[in-house]
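The values are calculated or read from the model by the stated rules, or taken from the named source; none is laboratory data. Small disclaimer: the values here were computed from a predicted structure and weren't measured. Glycine gets a Cβ as well: all are built from the backbone with ideal geometry, and neighbour counts include every protein chain shown. Ligands, DNA and RNA are excluded from the accessible area calculation, which covers all protein heavy atoms including side chains. Shrake-Rupley method; radii C 1.70, N 1.55, O 1.52, S 1.80 Å.
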Amino acid sequence: MTFTAEQMRFWSPEVRELEPYVPGEQPKIQNLLKLNTNENPYPPSPKVVEAVQAVLTEQADALRLYPDPDATALKQAIAKQQHVDVAQVFVGNGSDEVLAHIFKAFFIQKQPILYPDITYSFYPVYSQFFATQTKQIPLNEKFEIDVSDYEQENGGIIITNPNAPTSISLGLDEIEQVLKANPDRVVVIDEAYVDFGAESAVQLVNRYENLVVCQTTSKSRSLAGLRVGFAIAQAHLIAALEAVKNSFNSYPIDRFAIAAAVASFEDQAYFEAQCAKVIESREKLVTDLTILGFDVLPSKANFIFATHPQHDAAQLVQQLREQGIIVRYFNKPRINQFLRITIGTDEQNQRLVDTLKTQIL
Ligand SMILES: Cc1ncc(COP(=O)(O)O)c(C=O)c1O
């Protein structure tokens with residue numbers, strides 16, 4: 001929808017300038033295979049479903065009451081699973097909201113915050129929204145982060161690990177190098193995909209007073225529809241996030257989300273089994289796509305980033321779409337010949353491989 005300049009005169013000057021984030025599409029096509037937004041192909045734990053039902057049957061009357069503004073039960077469940085104190089946990093409405101509060105709480109506007117040139121495309125959006133200067137640091141020619149590039153003046157640092165959309169991960173020794181080089185700045189590690197094989201920096205939190213680790217229930221816990229993300233850091237940093245949150249929305253997590261996410265964190269066996277399945281399917285898909293001539297970057301995520309030397313990526317995306325398979329494509333410098341493909345079930349991945357083999361390549 002477009003609006004006239006006369007209608008837009010009511011918009012604040014800042015909002016007129018905004019370039020909002022464009023999420024991956026959620027189309028309603030029959031027999032669609034949706035491999036475009038890195039959702040988990042498996043349902044959440046059956047205990048999550050029971051917990052949501054229990055809210056309706058046992059606490060229906062409580063829905064007229066606000067939820068716990070601190071979501072204490074959820075923070076306790078996360079603290080237990082992550083082996084930290086409750087005071088080291090912050091929760092928000094998806095990690096996107098947690099990241100927004102992180103930008104507000106920690107990043108110094110007058111010095112550029114640093115992040116890779118190819119990374120989660122919400123960071124430039126938040127930078128504009130919070131009027132933060134930025135400096136994008138190019139990935140090397142193998143699409144890797146070179147941590148020595150993060151030893152320069154900055155107003156804060158944010159790194160996705162494993163990075164998105166490249167899927168490549170950093171080791172903890174490299175993250176420690178960034179933390180040590182920036183003792184007076186907050187370093188944020190966005191671990192949206194860490195549970196699919198990378199090392200979590202949560203184990204560094206008690207040693208580094210400048211580290212914030214952000215995670216989500218959307219990917220490895222199959223709860224993208226619930227909207228629960230969280231951050232782990234030392235208590236003095238969590239307090240800043242609470243101050244921002246309580247200046248914006250006191251009740252970001254509703255009663256259903258609290259109950260369901262608690263049940264998810266309590267069912268560690270289910271979580272580990274689902275992550276292991278996705279990892280196994282990823283390795284098989286990488287092998288199958290390599291046989292078809294794709295170059296696939298080394299992935300520690302629930303998606304892969306692949307390019308085919310003989311086929312134009314935009315065209316492949318279009319051809320797959322015509323066959324009811326949707327993958328993500330970024331029409332941006334350096335990565336416009338890549339497809340980002342979410343790992344599905346083995347059956348779904350097989351459909352992708354068969355379609356490519358018999359209909360497209
Ligand atoms: C790197 C990264 N961080 C954060 C998010 C946000 O996740 P959510 O808001 O669902 O927790 C995403 C979602 O795709 C992501 O790719």
| field | DSSP loop trypsin sites (Lys or Arg not before Pro) with at most 11 other Cβ within 10 Å: longest gap in the chain | value | 143-361
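Counting only heavy atoms of the protein chains, get the accessible area per residue of region 46-266 (1.4 Å probe) and round it to a whole Å² value.
Details: 9010 Å² over 221 residues.
Ligands and nucleic acids excluded, the figure is 41 Å² per residue.
Return one quarter of the surface area of the convex hull spanned by the alpha-carbon atoms of region 220-321, equal to its mean projected area, in nm². Mind showing how you got there, number by number?
Values: hull surface 40.5 nm².
For region 220-321, the mean projected area of the Cα convex hull comes to 10.1 nm².
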| note | Here the relative contact order (percent) of region 141-230, from C-alpha pairs under 8 Å and at least 6 apart, is 25 percent
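Report, in debye and to the nearest 20, how large the dipole of region 162-234 comes out about its Cα centre when Lys and Arg carry +1 and Asp and Glu carry -1 on their Cβ.
Values: 6 positive and 9 negative charges, 61 e Å.
Dipole magnitude for region 162-234 comes out near 300 debye.
What does the charge dipole of the chain about its Cα centre add up to, to the nearest 20 debye, if the Cβ of each Lys and Arg holds +1 and the Cβ of each Asp and Glu holds -1?
Details: 31 positive and 44 negative charges, 133 e Å.
Around 640 debye, computed over the chain.
Tell me which GluC sites (Glu not before Pro) from region 23-74 have a DSSP coil assignment and no more than 15 other beta carbons within 10 Å of their own.
Working: sites: GLU25, GLU39, GLU50, GLU58; in loops: GLU25, GLU39.
Passing sites in region 23-74 are GLU25.
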| query | Please state the relative contact order of region 46-266 as a whole percent: Cα pairs under 8 Å, 6+ residues apart? | reply | 30 percent
| note | Placing each pseudo-label 7 Å from Cα in the direction of the beta carbon, ASP346 and TRP11 end up separated by a distance in nanometres of 5.0 nm
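List the GluC sites (Glu not before Pro) within region 147-225 that fall in a DSSP loop (any state other than H, G, I, E or B) and whose Cβ has at most 15 other Cβ atoms within 10 Å. Mind showing how you got there, number by number?
Working: sites: GLU151, GLU153, GLU174, GLU176, GLU191, GLU199, GLU209; in loops: GLU151, GLU153, GLU191, GLU199, GLU209.
Loop-located and lightly packed - GLU151, GLU153, GLU209.
Could you work out the helix-only [θ] at 222 nm for the chain, with each DSSP H run of four or more residues adding -39,500 (n - 2.57) and the total divided by the number of residues, to the nearest 500 deg cm²/dmol? Please report the intermediate quantities before stating the final value.
Values: 12 runs with 131 residues, N = 361.
That calculation yields -11000 deg cm²/dmol at 222 nm.
So which chymotrypsin sites (Phe, Trp or Tyr not before Pro) in region 307-361 pass both tests, a DSSP loop state and at most 16 other Cβ atoms within 10 Å of the Cβ? Could you put the intermediate results ahead of the total?
Details: sites: TYR329, PHE330, PHE338; in loops: TYR329, PHE330, PHE338.
Filter output for region 307-361: PHE330.
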| field | Heavy-atom accessible surface of the chain: percent carbon and sulfur, 1.4 Å | value | 51 percent
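So what is the orientation-averaged projected area of the chain, using the convex hull of its C-alpha atoms, in nm²?
Result: a mean projected hull area of 19.7 nm².
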